[in-house]
Amino acid sequence: MFRHLAVAVMALAAVTTATAAPASPAEATTRLVPAADREVAFTADGTTAYGTLHVPRHRAGQRLRAALLLPGSGPTDRDGNQPPASSPDTLAQLAGALDGEGIVTLRFDKYGTGRTGLGAYRDHPEELDYPAFLRQARAAYESLRDQPETDPHELLLVGHSEGAMTGLVLGGTVRPRPAGLALLQPQAIRLLDLVTLQLQAQVDEATRQGRFTPEQQHTIDAAIDAAVTSLREHRPVDTTDLPAAIAQLFEAFQGPNARFVESDDAVYPPDTAAALRPGTKVLLTCGTNDAQVPCATTNALTNALRHAHTGGPGRVTLPAVDHLMHDPDHPSTLAPSVLGALHRWARH
C-alpha cells in the first residue's frame, strides 16, 4: 500500500510541478502590458526637470519607437498649456495620437513651468537663453533613450511651433540621431523676422477695420522694422511711433528677455537642416488658418530639407487649420487632417 501511495504522491508532485512551471520565452512575449503613464525626472544645468512618460499597450519585453514632445514658446508646460490663460492640451493630445501608433512619448515641464519651475535660474531668470532650453531638451532626449521600453535606434522628435525649431536643431546634434522629425507649425525663420511679420499683419488688420489710417499704418510698420534693427544692433529701441501694446513688447525684448530673444533670433532654421542624417523621415505641417506661422514662412525650410536629402512625407498643408492645430469643426481637439498627417509620417 505504501508503495502505491508513494507512486501517487510522486505523480501528484509531477502534476503540481508541471502546472507551476514558468512561462516559456514565447509565452512571455505574448503577454500584453497595459498602457500606462509614469513620472520621469532628468537633470540639466543643475535643475531637475519633470515629465510624463506614456507607454502604449505592448508585449512584455518589447522595445518601442519613442518620441520626445517639444513645447512651443513661452511658459508652456508638459501638456502644452500656459495656465490659467491657455489650456489647449496640445502635447497631451499629441501623446494620445501617437499612442494609437504604438509610440512611447515623453513630454516635460520646461523651465518656468509645472513641477520643474525655474530651478537653478530662480534667482536670475534673465540668464535663461535659448541654448539653456536646448540643453534641457537634449537631457530629455537622453532620458527617453534610456527608458526600458524604448528602442534607442527608433527615436523621434515631435515639436510644435518653437519646439519644432528645437527639434530641428537637436536632430542634427544628438546621439543617436533620430529616425524621424515631426515639425508641427514650425518656427521656420528667425524669431524677430517672424515677430515683424506677425505684428505687421495685426496692424494691417487693424487698418482694415478702421482703427488706423493708411498713413499711420506706414509709420507703425516702419517703426517696427526700426525696432528690430535696433535690437539686432544692440541699440535702445525708439518706441515713439509704436502703439502701447507693441511698445511694451519691444521693451520686454530689450529688458528681462533680452538674452533669450537675442540667442533665439540667432538661429536660422533652414541652416540647421543640413546637419540632419540623410533619409531622416520628416513631416512639416502648416495650416492655412495659422496667423502665427503662415505657410509661406516655411518655404525656405522646406527647400533646405529637400537639399539635405531627408525622407518624406515632407511638407503637408492643412486646410483651415490654425496654430494650435484645430479647425472650425474641431476647436478644442487636433484636427483630423493633423491626425492623418501624423499617421502617414508614423507609417514611414
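Bear in mind that the values in this text are calculations on the coordinates, not laboratory data. Just so it is clear, the model here is predicted, and its values are computed rather than measured. Cβ atoms come from the backbone with ideal geometry, glycine included; neighbour counts cover every protein chain shown.
Key figures for this structure:
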{"quantity": "Trypsin sites (Lys or Arg not before Pro) restricted to segment 92-150 and DSSP loop, no more than 11 other C-beta within 10 Å", "calculated": "Arg122"}
{"quantity": "³J(HN,Hα), Karplus 6.51/-1.76/1.60, whole Hz, each residue of segment 85-94, x for Gly, Pro", "calculated": "6, 9, 9, x, 6, 4, 6, 4, 5, 5"}
{"quantity": "Nearest-ten-degree value, helix 130-145 long axis tilted from longest Cα axis of the chain", "calculated": "10 degrees"}
{"quantity": "From phi via Karplus (6.51, -1.76, 1.60), per-residue ³J(HN,Hα) for segment 108-117 in Hz, x at Gly/Pro", "calculated": "9, 7, 6, 3, x, 9, x, 6, 5, x"}
{"quantity": "Gap separating the Cα centres of segment 27-71 and segment 261-308, nearest whole Å", "calculated": "28 Å"}
{"quantity": "Relative contact order, percent, segment 192-263 [alpha-carbon distance under 8 Å, six or more residues apart]", "calculated": "24 percent"}
{"quantity": "Note, ³J(HN,Hα) from phi for segment 61-77, Karplus 6.51, -1.76, 1.60, rounded to Hz, x at Gly and Pro", "calculated": "x, 6, 9, 10, 4, 9, 10, 8, 9, 10, x, x, 6, x, x, 9, 8"}
{"quantity": "Between segment 210-258 and segment 103-149, the alpha-carbon center distance in angstrom", "calculated": "32 Å"}
{"quantity": "Ranked by how many other beta carbons lie within 10 Å on average, peptides 164-174, 292-302, 254-264 from highest", "calculated": "164-174, 292-302, 254-264"}
